[in-house]
Amino acid sequence: MSRDPKITRRTFFKKSLRTGLAVGAAAAMPGSFGRIWAESQVAEVAQGPEVIVSRGDSVEATKAVIEALGGMRRFVQPGDRVAIKPNFSFANAPERATSTNPEVVRTVAQLCVEAGAKRVLVLDHTIHNPKICMDRTGVKTALKGMDKVALLPLNQRRFYREVAVPEGKELKKVEIAKAVLDADCMISVPVAKSHSATEVSLSIKGLLGVVWDRSFFHRSVELNQALADLSTVVQSDLVIVDAIRALQTNGPGGPGRIAELGTIVASCDPLAADAYAVGLTQWHNKSFTGRQIKHLLAAYELGQGEIDVEKMRVRELS
């Protein structure tokens, strides 16, 4: 379905929950989806967002966390257009931990196709040359030959459309990738890494990869608040954090110290996924909580999700 970026199905329900309207609205939807969705959202409100953690082989761990959240068919309906946002901004091999593990990306894309997606676009606005990035990160090879799946480097302005940011404090308007705005489902698949300006780079920081003028965020506004503002208009249905390898120092481009964590974290709440992932390891030789990461705290203050791990329903898979 084609959607107004300001009033997506997920945005409507998220905001409606605050006034108690979403459950009734969902229950009125055709078939069983509305009832199931409404019941799941009652649990999210009453018990906190669910965060699934799996360790081990990257492919199996990715499949496991998605299955534990209800399977990809919970997020992707037959005929949907899906946008997958990994991180392949730097022209480095996967072992450098500056880009999302290509096998994780392939697994997510394949599950979308199996769920009935009409089209799956794997996209990012790269910092280095896009063709070199796609080659060296391994994402091009990983997706080669996949039916209905395509790579889309967002390095041309024609791929963007300006939208208003009604809830923004620093950000009032921004040019966002059309493929994201027009998608029926948005899945963020960030790699877990440190960042010189924001301490860490996870799903919310990774949203800069769907923005045309990235430098504006660093040059003209307070970066952390602007990232939080951005999260109000680009909201992921599902976040899968690739912490198979985590770049602990000298991010985002490396080289730096790498922790072999062998971990995948997933949630329908982007802020919860990020806040949990912050505690997986040290960054810049220090330990942090979600509240100590300025852009995550700013997003929390805008009502974008849960930041306190003790209020999440964390489930670690064996």
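Quick one: in the range 135-155, of everything that is open to solvent by 90 Å² or more (accessible area, probe 1.4 Å) and not in a helix (DSSP H, G or I), which residue is farthest from Asp124 (Cα to Cα)?
Asp147
If I ask for residues that are of a type in the set (Gly, Ala, Ser) and in contact (Cβ under 8 Å) with a residue 60 or more places away in the chain, which ones from the range 84-110 would you list?
Ser89, Ala97, Ser99, listed by residue number.
Take the residues in the range 198-229 that are within 20 Å of Leu302 (Cα to Cα) and part of a loop (DSSP other than H, G, I, E, B); name whichever of them is most open to solvent (accessible area, probe 1.4 Å).
Ranking the candidates gives Glu222 first.
Would the range 87-105 turn up any residue that is closer than 27 Å to Arg313 by Cα, open to solvent by less than 10 Å² (accessible area, probe 1.4 Å) and in a helix (DSSP H, G or I)?
yes
Within the range 230-318, considering only strands (runs of 3 or more DSSP E) that don't extend past its boundaries, which have at least 1 residues that are open to solvent by less than 30 Å² (accessible area, probe 1.4 Å)?
Working: elements: 238-247, 258-267, 313-316.
So the answer is 238-247, 258-267.
When you look at Pro78, is it at pLDDT below 95 and part of a loop (DSSP other than H, G, I, E, B), yes or no?
no
Report yes if Val45 is modelled with pLDDT of 95 or more and not small (Gly, Ala, Ser), otherwise no. Can you show your working first?
On the way: modelled with pLDDT of 95 or more: no; not small (Gly, Ala, Ser): yes.
Spelling it out, it is not the case that Val45 is modelled with pLDDT of 95 or more and not small (Gly, Ala, Ser).
For the range 69-96, which residues satisfy the criterion of being among the aromatic types (Phe, Trp, Tyr) and under 23 Å from Ser201 (Cα atoms)?
Scanning the range 69-96 gives Phe88, Phe90.
Looking only at residues in the range 156-176 that are assigned to a strand (DSSP E or B) and either at pLDDT below 95 or open to solvent by less than 20 Å² (accessible area, probe 1.4 Å) (or both), which one is farthest from Glu222 (Cα to Cα)?
Let us first name the residues in the range 156-176 that are assigned to a strand (DSSP E or B), namely 160-164, 173-176.
The next check asks that each one be either at pLDDT below 95 or open to solvent by less than 20 Å² (accessible area, probe 1.4 Å) (or both); those that pass are 160, 163, 174, 176.
Numbers: Tyr160: 23, Val163: 19, Val174: 14, Ile176: 19 Å.
The extreme case among them is Tyr160.
Output the number of residues of the range 106-134 satisfying the condition of being basic (Lys, Arg) and part of a helix (DSSP H, G or I).
Looking only at that region, the number is 2.
May I ask you to list pairs of residues, at least six apart or on different chains, whose Cβ atoms are under 6 Å apart, with the first in the range 62-81 being touching a residue at least 12 places away in the same chain (Cβ under 8 Å) and the second being of a type in the set (A, V, I, L, M, F, W, C) and surrounded by fewer than 18 Cβ atoms within 10 Å (Cβ to Cβ)?
Ala64/Leu317
Pull out all pairs, ordered by first then second residue, where Cβ-Cβ is under 9 Å, the residues are six or more apart or on different chains, the first lies in the range 252-270 and is more than 30 Å from Gly303 (Cα to Cα), and the second is open to solvent by less than 40 Å² (accessible area, probe 1.4 Å) and among the charged types (D, E, K, R).
Between residues of the range 252-270 that are more than 30 Å from Gly303 (Cα to Cα) and residues that are open to solvent by less than 40 Å² (accessible area, probe 1.4 Å) and among the charged types (D, E, K, R), the close pairs are Gly254/Lys193; Gly256/Lys193.
Give just the number: which of (1) outside any helix (DSSP H, G or I); (2) at pLDDT 55 or above does Glu67 not satisfy?
So Glu67 meets the others, but not (1).
The values are calculated or read from the model by the stated rules, or taken from the named source; none is laboratory data. Note that the structure is predicted; figures quoted are calculated from it, not measured. All Cβ positions, even for glycine, are placed from backbone atoms using ideal geometry, and neighbour counts span all protein chains on display. To get the accessible areas, we keep the full protein, side chains included, count just its heavy atoms, and leave off ligands, DNA and RNA. Shrake-Rupley method; radii C 1.70, N 1.55, O 1.52, S 1.80 Å.
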